[in-house]
Amino acid sequence: MTDEKTTLFADAVELMKRHGALHTVNIKYGYIIFGLSALFILVRTLSIWYYQRAWKRSGRSTTVLRVTSLPLPLSISLIVLTVAILVAVKPHLEKITVVVKRLGRLAYALIPLDIFLAAQPAWFSVDNYLNTIQMHKWVSRVIVLLGMFHSIGFLAYYVSMGTVGNLFRPVNFLGFLMFIFANIMFVFWKPIRNLNYTLFYLYHNFFMLALVVMIYFHARPGVGLYFFFNAMLLVAQTVRKYTRARDVTLTEIIENPGSNLLIVKFPKSLLPESYLPGCHVRIGYSKWTPFFTILPSHPYTVATSFENRDLLASLVIKKTKFKLEPFETYSIQPSFESSLSQNFFDTADNVNIVCGGSGISLGLVIFEYLKRSIISGGREIKLKFVWITKDEEDVFILQELNVQGVDVFITNNTSYELDSIQESAGIPLTELSNDSHDSLVTIDHKFSNTVVVGKRPDLEKLLQNNLSKTIDYANKWIISCGPPSLIEECSKISTKQKCRFFSEEYAF
Ligand SMILES: Cc1cc2nc3c(=O)[nH]c(=O)nc-3n(C[C@H](O)[C@H](O)[C@H](O)COP(=O)(O)OP(=O)(O)OC[C@H]3O[C@@H](n4cnc5c(N)ncnc54)[C@H](O)[C@@H]3O)c2cc1C
């Protein structure tokens, strides 16, 4: 062999070695992100558990609160930063496809975390899916963006090399199809989701399945480990949904002409023996129809506390597209745990509940529970319940559910029929005014209702009196449930008044 031939041969071996090595160089980055995902779940779960334990021991909600109060934007920034570091480490820029491939691998290796976070209810009972679902949304966005960068990188590479034909090799074409599906996913930003949640849900599930399966066949080197976890999690979630759901025929739905709200009753025996106020059920089509799997189920807060002796539990539901009809059979998945822990109910000593419209379902069950703690448990709790609703006809909810002690504000009517409201409320109205909330009499612990017609109240002024009755900010709460504007206003008040804040918005 001549010298020249020897050099050529050595170069070829070197090239093969390098390419072989480069082919597998990204595998470890996938494992790293997968390992970090597991660590993330572990740390999250332990910190929630630790915080709840510390709260129980100290009797104050702010003890080690910092452990769990990492704001969502910060958590997401951490995930994005981790991914960015893993992309930037040893990118092997001499062969640009290495880093482009890595983007795709990191995206796929994040999917098990994403599916884990989407579980309903959350897999670990200390956590709550209403919180993990927020993380799920952002992790999904990171996955889709990484996947799109991966696709754009390869498209640009093929164009620059004049090898666009490569795109049509079946394994590559699967990736290209996913790129198109990902672009369509971006159509579903919030206003579109709100316009048609069902369409979003259908496309979201199709996209997720396509991603899990098609990329399993598309990725080289293989991604079997992640595929295995994805498949296991999806199967486990589906089995759990089927085994938890019960079919029930609704026999009692109470409406009031002119009101957009209705009360739906179902057998309380479907709920666990004990549950905390704020838990919800999910109602969907019968579990023996394909719609059960294909279409979304709808969450509704249980408005009846478990101490209530009624055999039926009530839901307060705003009429929307999803209609519940009497004598039709639906599936009910009980029960999704309350976001408020037992510690809240045991330690809060000043609670200000502000609800808007159907948000009353959350407020009234918390209110009833705390009221019972005052009356039968001898607890010293400063309690205020404000309900702002559109129509005077909505007030029938209070009568039907026998709730007393609420300050009701009706915002849609400037002219009202005193008699009709009194009749709807069915209980003594201590004060009735159509001009200003100033004339409202605060009636702590007397538990009869007060109705003010015509105006949205100045909330801060309204809550001030009750808020100022205790000092410890750790056990002083504003709880809000209703439209985003109401929740935001309450959040601002709690910041200003230096008290704790909890809210639930009835949408994802
Ligand atoms: C934890 C929780 C508790 C809730 N409790 C109550 C309650 O007690 N009373 C009540 O009237 N409403 C409650 N809701 C809201 C209720 O679930 C939705 O109004 C209902 O699912 C709307 O269904 P739709 O098809 O008619 O929606 P649309 O009229 O199409 O949409 C209305 C809004 O509801 C959201 N939405 C639609 N479907 C779902 C779904 N399957 N899951 C989550 N959000 C959805 C959409 O994003 C949209 O913003 C609750 C929501 C959550 C998240």
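The values are calculated or read from the model by the stated rules, or taken from the named source; none is laboratory data. Given the structure is predicted, the values throughout are model-derived calculations rather than measurements. In this analysis, Cβ positions are derived from the backbone assuming ideal geometry, glycine residues included, and neighbour counts consider all displayed protein chains. SASA here: full protein model, heavy atoms, side chains in, ligands and nucleic acids out. Shrake-Rupley method; radii C 1.70, N 1.55, O 1.52, S 1.80 Å.
Can you confirm whether Ser61 is within 23 Å of Tyr129 (Cβ to Cβ), assigned to a loop (DSSP other than H, G, I, E, B), open to solvent by 30 Å² or more (accessible area, probe 1.4 Å) and in the same structural domain as Gly153 (by TED's automatic domain parsing)? It is false that Ser61 is within 23 Å of Tyr129 (Cβ to Cβ), assigned to a loop (DSSP other than H, G, I, E, B), open to solvent by 30 Å² or more (accessible area, probe 1.4 Å) and in the same structural domain as Gly153 (by TED's automatic domain parsing). Across region 315-338, the qualifying residues are those that are part of a strand (DSSP E or B) and within 10 Å of the ligand (Cβ to nearest atom), and the one among them that is surrounded by the fewest Cβ atoms within 10 Å (Cβ to Cβ) is Lys318. In region 339-349, the qualifying residues are those that are open to solvent by 20 Å² or more (accessible area, probe 1.4 Å) and within 23 Å of the chain's Cα centre (by Cα), and the one that is farthest from Tyr50 (Cα to Cα) is Ser339. Ser69 passes every criterion in (1) surrounded by 14 or more Cβ atoms within 10 Å (Cβ to Cβ); (2) part of a loop (DSSP other than H, G, I, E, B); (3) under 25 Å from the mean Cα position of the chain (by Cα) apart from (1). A single member of Met148, Met161 is assigned by TED's automatic domain parsing to the domain that holds Gly30, surrounded by 15 or more Cβ atoms within 10 Å (Cβ to Cβ) and not hydroxyl-bearing (Ser, Thr, Tyr), and it is Met148.
Answer yes or no: is there a residue in region 289-296 that is of a type in the set (S, T, N, Q), more than 14 Å from the ligand (Cβ to nearest atom), at pLDDT 95 or above and in a loop (DSSP other than H, G, I, E, B). Yes: one or more hits.
A Cβ distance below 8 Å, combined with a sequence gap of six or more or placement on separate chains, defines the contacts here; from region 453-474, residues that are small (Gly, Ala, Ser) reach residues that are in a loop (DSSP other than H, G, I, E, B) and surrounded by 14 or more Cβ atoms within 10 Å (Cβ to Cβ) in the pairs Gly454/Thr411; Gly454/Asn413; Gly454/Tyr416; Gly454/Asn434; Ala474/Arg60; Ala474/Ser61; Ala474/Thr62; Ala474/Thr63.
In region 344-372, the residues that are in a strand (DSSP E or B) reach residues that are within 12 Å of the ligand (Cβ to nearest atom) with C-beta atoms within less than 6 angstrom, at least six apart or across chains, in these pairs: Ile353/Gly363; Cys355/Gly363; Cys355/Cys481; Cys355/Gly482; Gly356/Gly482; Gly356/Pro483.
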